[in-house]
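Data block below; observations after.
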Amino acid sequence: MNGAQSLIRTLVACGVDVCFTNPGTSEMHFVAALDDVPQMRAVLGLFEGVATGAADGFGRMTGRPAATLLHLGPGLANGVANLHNARRAHSPVVNVVGDHATYHQPYDAPLQSDIASLARPVSCWYRSAASGRRLPEDVAEAVAAAASPPGGVATLVVPADVSWSEAAAPAGPRRVPAPAPVPAATVEQVATVLGHGGAGDAVVLVGGPAMNEKGLVAAARVAQATGSRLLAETFPAVVERGAGIPPVERLAYLAELVELQLHGARHLVLAGTTSPVSFFAYPGKPSDLVPQGCEVHVLAGVDEDVVGALDALAEALGAGGAPVARPRLERPPLPSGSLDAQSAAAVIGALLPEGAVVSDEANTAGIFIPGATAGTPPHRWMTLTGGAIGQGLPVATGAAVACPDRKVLCLEADGSAMYTLQALWTQAREGLDVTTVVYANGSYAVLAMELGRVGATPGGRRARHVLELAPPPLDFVALARGMGVPAWRATTAEEFAGHLGRALAEVGPALVEAVVPPAF
């Protein structure tokens, strides 16, 4: 058994049975070994950012790692943006990065690079395999590191000669620890703070695993019992929402709106998330968004049992088992007339299927969607955790591999879509049930908004030219069809409802280009 065969067998033994890949010469023994291990599903992406983003989406939906197979440092570098998003989402991902044979590395061949320096900023664990004898242990430890709370990216570099040389037998899985329990004293301390607070002067900010239904029910009980305001982190990895699930307002993207949301707070309780900061620096405005005089209390860190802590906190406050408000099933009516961000949101709210998984990278075009979908049937929503655009299509791809029995809806801005549009080809090749909506407003609209917010001059013709996506206009119908995905263009609310309804009713990939004006 060579190293590549032992590597794949160890991955499968440790529960990793999907690999999103864009391989090269140094990974050919891994590719050849796929025929020997049919339990491993290999999914080809035409760009490494598709592979890494898909692994992120798979990890978010299953809670277990997928693997990526990347070619040397440049291949890893092509996938780093979505590994950054995966790191922020605490998604379990195992990167397998091929490298030159150990004896070839001193020759500084054209593709030689410093892989360690590229990997470490996005990795919670890093190692370069030294031998086939040790390789199975390295693989098992990488999987355990990726799966350990709160989840992260583990990167294993495998030189080509380690892949083709004789290796030890496959290793079995390592023990993965459960999230650390929150001490009872911490729960009692937070209960005392909230119990002594007046209505409205405390905010409970939730994130991470607390965004599932059980966590949101416990958090709603805490807020209800104490009169606290309940908010969620701006970009949760996954949130369960819809009819029957306690709603939670997300912290705004704009710092000015966060200041309004937190105004008057004297206590801020963090449950599975971090203290809020401004997304960017702005002249004359604070980076730390905690109000002056507000005391921050950590109920549970990102690697702790935040749902258990919220349950215990509700019990300590005498609210264990208390009923909480749950939204009724209530869809918006289908709109008519012009198509814009608001009418498009109403169409999505009217048609979103029960149990859907939504990958949201609509950016500025999506401002009305949360409100329009609040009362739709229960579904799961994934957001742009790290802010590196080009996530939506790949994450949707990985989610569809993870959940073949669910409809995946990808809400995608036109500028962001062009970063990783190759994901459509993977969806067509694998027959994935993903419906993509591309909001075609012909601009980097968020940057046009930020131009003034950062204190820059308004900008003239040359500045606007850098932020506009035309001329020439992007034709997403032609681009999608060229990669094997059925596609239609909508310019009115009626057309959008008709095309989206058709796409959602059928199994398989489809795309609807929604031509809308900029929302700002």
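The values are calculated or read from the model by the stated rules, or taken from the named source; none is laboratory data. The structure displayed is predicted, hence computed values, not measured ones. Please note: Cβ atoms are built from the backbone with ideal geometry, for glycine as well, and neighbour counts cover all protein chains shown.
Here's the yes/no breakdown for (1) surrounded by fewer than 16 Cβ atoms within 10 Å (Cβ to Cβ); (2) out of contact with any Cys (no Cβ under 6 Å at 6 or more places or on another chain); (3) aromatic (Phe, Trp, Tyr); (4) not in a strand (DSSP E or B):
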| position | (1), (2), (3), (4) |
| --- | --- |
| 263 | yes, yes, no, yes |
| 270 | no, yes, no, no |
| 293 | yes, yes, no, yes |
| 297 | no, yes, no, no |
| 309 | no, yes, no, yes |
| 312 | no, yes, no, yes |
| 333 | yes, yes, no, yes |
| 350 | no, yes, no, yes |
| 364 | no, yes, no, yes |
Query - Checklist (1) surrounded by fewer than 24 Cβ atoms within 10 Å (Cβ to Cβ); (2) outside any helix (DSSP H, G or I); (3) in contact with a His (Cβ under 9 Å, 6 or more places away or on another chain) applied to residue 97, failing item - result: (1)
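In this structure, does residue 76 turn out to be part of a helix (DSSP H, G or I) and under 17 Å from residue 125 (Cα atoms)? Steps first, answer last, please.
Numbers: part of a helix (DSSP H, G or I): yes; under 17 Å from residue 125 (Cα atoms): yes.
So residue 76 fits the description; yes.
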Query raised in the report: Of 284, 264, which residue is out of contact with any strand residue (DSSP E or B) (no Cβ under 6 Å at 6 or more places or on another chain) and farther than 17 Å from residue 203 by Cβ?
Result: 284
Report summary line: Scanning the range 498-514 for residues that are within 15 Å of residue 346 (Cα to Cα) and touching a Ser or Thr at 6+ places or on another chain (Cβ under 9 Å) gives 500, 514
Query raised in the report: Before we move on, is residue 16 hydrophobic (A, V, I, L, M, F, W, C) and surrounded by fewer than 23 Cβ atoms within 10 Å (Cβ to Cβ)?
Result: no
Query raised in the report: Exactly one of (1) assigned to a loop (DSSP other than H, G, I, E, B); (2) in contact (Cβ under 8 Å) with a residue 12 or more places away in the chain is unmet by residue 68. Its number?
Result: (1)
Report task. For residue 122, state whether it is buried (at least 23 other Cβ atoms within 10 Å of the Cβ) and either in contact with a Cys (Cβ under 9 Å, 6 or more places away or on another chain) or assigned by TED's automatic domain parsing to the domain that holds residue 237 (or both). Result -> no
Requested in this report: Say whether the condition of being free of Cβ contacts under 8 Å to residues at least 40 places away in the same chain, within 21 Å of residue 343 (Cα to Cα) and under 23 Å from the mean Cα position of the chain (by Cα) is met by at least one residue in the range 429-438.
Outcome: no
Query raised in the report: Quick check: anything in the range 137-148 surrounded by 15 or more Cβ atoms within 10 Å (Cβ to Cβ) and outside any helix (DSSP H, G or I)?
Result: yes
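Can you tell me which residue among 380, 406 is assigned by TED's automatic domain parsing to the domain that holds residue 436, more than 19 Å from residue 480 (Cβ to Cβ), touching a strand residue (DSSP E or B) at 6+ places or on another chain (Cβ under 8 Å) and assigned to a strand (DSSP E or B)?
380
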**Report entry** Scope the range 222-246; condition farther than 21 Å from residue 363 by Cα and either part of a loop (DSSP other than H, G, I, E, B) or without any contact (Cβ under 8 Å) to a residue 60 or more places away in the chain (or both); matching residues
**Finding:** 223, 227, 228, 229, 230, 243, 244, 245, 246
Query raised in the report: So how many residues does the range 19-42 have that are assigned to a strand (DSSP E or B), touching a residue at least 60 places away in the same chain (Cβ under 8 Å) and either surrounded by fewer than 23 Cβ atoms within 10 Å (Cβ to Cβ) or in contact with a Gly (Cβ under 8 Å, 6 or more places away or on another chain) (or both)?
Result: 2
Query raised in the report: In this structure, is residue 485 among the β-branched types (Val, Ile, Thr), farther than 16 Å from residue 417 by Cβ and either modelled with pLDDT of 95 or more or in a strand (DSSP E or B) (or both)?
Result: no
**Report entry** Verdict on residue 323 being surrounded by fewer than 13 Cβ atoms within 10 Å (Cβ to Cβ) and either touching a Cys at 6+ places or on another chain (Cβ under 9 Å) or of a type outside the set (A, V, I, L, M, F, W, C) (or both)
**Finding:** yes
Query - From the options 175, 127, 120, residue that is without any contact (Cβ under 8 Å) to a residue 40 or more places away in the chain, of a type in the set (Lys, Arg) and farther than 27 Å from residue 26 by Cα - result: 175
Requested in this report: Please work out which one of (1) surrounded by fewer than 17 Cβ atoms within 10 Å (Cβ to Cβ); (2) touching a residue at least 40 places away in the same chain (Cβ under 8 Å) is the condition residue 259 fails and give its number.
Outcome: (2)
Query raised in the report: Pick from the range 439-482 the residues that are modelled with pLDDT of 95 or more and part of a strand (DSSP E or B): which of them is surrounded by the most Cβ atoms within 10 Å (Cβ to Cβ)?
Result: 439
Query raised in the report: If you scan the range 264-290, which residues turn out to be among the polar types (S, T, N, Q) and under 19 Å from residue 302 (Cα atoms)?
Result: 273, 274, 275
